[in-house]
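Below: one structure, written as structure tokens.
Bear in mind that the values in this text are calculations on the coordinates, not laboratory data. Computed from a predicted structure; not experimentally measured. Cβ placement follows ideal geometry from the backbone for every residue including glycine, while neighbour counts extend to all protein chains displayed.
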Amino acid sequence: MIWLRQALAVLAKDWRTELRTRHALHTIALFAVTTLVTVSLALGPAGVSSAERTTTLPVILWIILLFAAAAGLPRSFVAEEEGHTADALRLSALPSAIFAGKAAFSIGLLWGLELLLTPLFLAMMDLPVGAPAALVLILLLGALGLAVASVLVAAMVAQARSRGALFPVLAFPLLLPLLMMAVELTRGAVVGGLDLNVLQQLVLYDASLTVGGLMLFPVIWNP
Amino acid sequence: MPPHESCERPVRPSGTRYTSAVSPPLLIFRDLVHGFGGLPVLRGVSGRVATGELLLVRGANGSGKSTLVRCLAGLLRPQSGEIELQVDGQLHDSEARRQRIGWVGPGLAFYESLTAEENLGFHARLRGIEPDHGLALLRDLGVPAHRAAGALSSGMLQRLRWSFALQHRPPVLLLDEPFQNLDAAGEEAVQALLSAHLERGSLAVVASPIQLGLSTDRVLDLTDISAHSAAGERASGEATSDGTGS
């Protein structure tokens, strides 16, 4: 119960500070919208042939989500370290609860982004979806993995000096399998199918990353 | 008595005498060594602070006062040495130690977009305590509870740090430059809080480069330890007392 209470307190605090400063919200939303408009103007419904549409557009959707996340999520721990609030947090809460609270915040942020971005993307690119429920499930699971991995890498990056350069270097190998699975599943959902084997792999990836993150985070966070 | 030792009368600001002979030890640190980038800062520092005692850590700038306090708080891991905290007869590791200390230090900051009250409320929720005591501390110390932490003056911020450190009634107070930026009224108010903390049977470690207007039970002079180490002598500093402890 202590763990859950602390995780919820961190989640509530992160939302409260975010709604007042809107650093991550503005960064993620601006990046996502700018990229979406650029892609839709460059490719548009007529820019990609119908044969290539199911192959190409899911990749673009996940690239937009990846870069929007990479632009906004690393702030979660960097802000604590730069603002010197991390020490007070270390004294008051269990490390794994802090990780869970911050991961939950990032998941919520990405789910919100997907809720806004995906319908716009599908409409602007004129991409019909054969299995909408499957697409929703894939987006939820993909964002979960993306958020947990980003938070874990952000915690590592926050301890380093060359923060900007380090995030993509560390995040890339961790996120590559996730993106491959998410793209493949999204392609399937667009044509109306769902590869259950790949879905199981994605669930396993998310679960492993979450459990691994909870176990690894105290080592990163504690002095 | 080694040259870095000194004695001070164990008289509380309130005038209550300390009875260290019958109180069990609470915080013990042995042979702490720490440095940054190959530069040694702490060179075998040892000490012992018992229930109700106040240890004054003094020394010149760069002598390692803040480093020692951060090590004791569990915010820095010493490169070698041991730290033991006993509360209610139980030993606590660094994780548990962090939960049982109150820390005031220049590096302690708050969320600037949240008010003083919200900042304390957040930490109260994390610790599973009611926010009432924290709010009472804010009121007693004259901190504007509804003002954003980012808009507080440095003196008010220091008062907020004290409220943060004391709101969960910790058995151990670790104070690094505790009177920094405080005016006379603020200093008087926090000294009264410190006295009350010690009278409850808790202990405190105060790090300051200057002699404070506090009655201390033990003094640890890190400048002397550094000088001894630099001279090639055994680098071991011991917190000393008035004769009732150590």
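Seen against the Cα atoms of chain A and their longest principal axis, helix A:95-124 is set at about 20 degrees. Shown in residue order for the stretch A:11-20 are the 3J(HN,Hα) couplings computed by the Karplus curve 6.51 cos²θ - 1.76 cosθ + 1.60 at θ = phi - 60°: 4, 5, 5, 4, 5, 4, 5, 5, 5, 8 Hz (x for Gly and Pro).
Contact order for the stretch A:2-221, expressed relative to its length and based on alpha carbon pairs under 8 Å spaced 6+ residues apart, stands at 29 percent. All C-alpha to C-alpha distances of the stretch A:1-89, sorted into 10 Å bins beginning at zero, yield P(r) values of 14, 34, 24, 16, 10, 2 percent in whole numbers. Put the Cα centre of the stretch A:110-139 next to the Cα centre of the stretch A:11-32 and the gap is 22 Å. Summarised in one figure, the compactness ratio Rg/Rh of the stretch A:86-223, Cα atoms and Kirkwood Rh, is 1.03. Considering all different alpha carbon pairs of the stretch B:34-78, the Kirkwood hydrodynamic radius works out to 11.5 Å. With θ taken as phi - 60° and the Karplus curve 6.51 cos²θ - 1.76 cosθ + 1.60 applied, the whole-hertz 3J(HN,Hα) list for the stretch A:198-211 is 5, 4, 4, 5, 5, 4, 5, 4, 4, 5, 5, 5, 5, 5 Hz, x standing for glycine and proline.
The share of C-alpha pairs in the protein assembly as shown whose separation exceeds 30 Å stands at 53 percent. Under the simplified labelling scheme, the A:A160-A:M180 pair shows an inter-label distance of 2.3 nm, with each label point 7 Å from Cα along Cα→Cβ. Between A:V211 and A:A12, the simple spin-label model (points 7 angstrom out along Cα→Cβ) gives 3.1 nm. Separation of the stretch B:28-98 and the stretch A:63-107, taken as the distance between their Cα centroids, equals 29 angstrom.
When shorter helices are ignored and each DSSP H run of at least 4 residues is given -39500 (n - 2.57), the per-residue value for chain A at 222 nm works out to -30000 deg cm²/dmol. Taking amide H positions as modeled 1.01 Å from N, with prolines and chain starts lacking one, the residues under 5 Å from B:V206 and 5 or more places away or on another chain are B:L55, B:L56, B:V57, B:L175. Counting, for every residue in B:125-132, the Cβ atoms of other protein chains within 10 Å of its Cβ and taking the mean gives 5.
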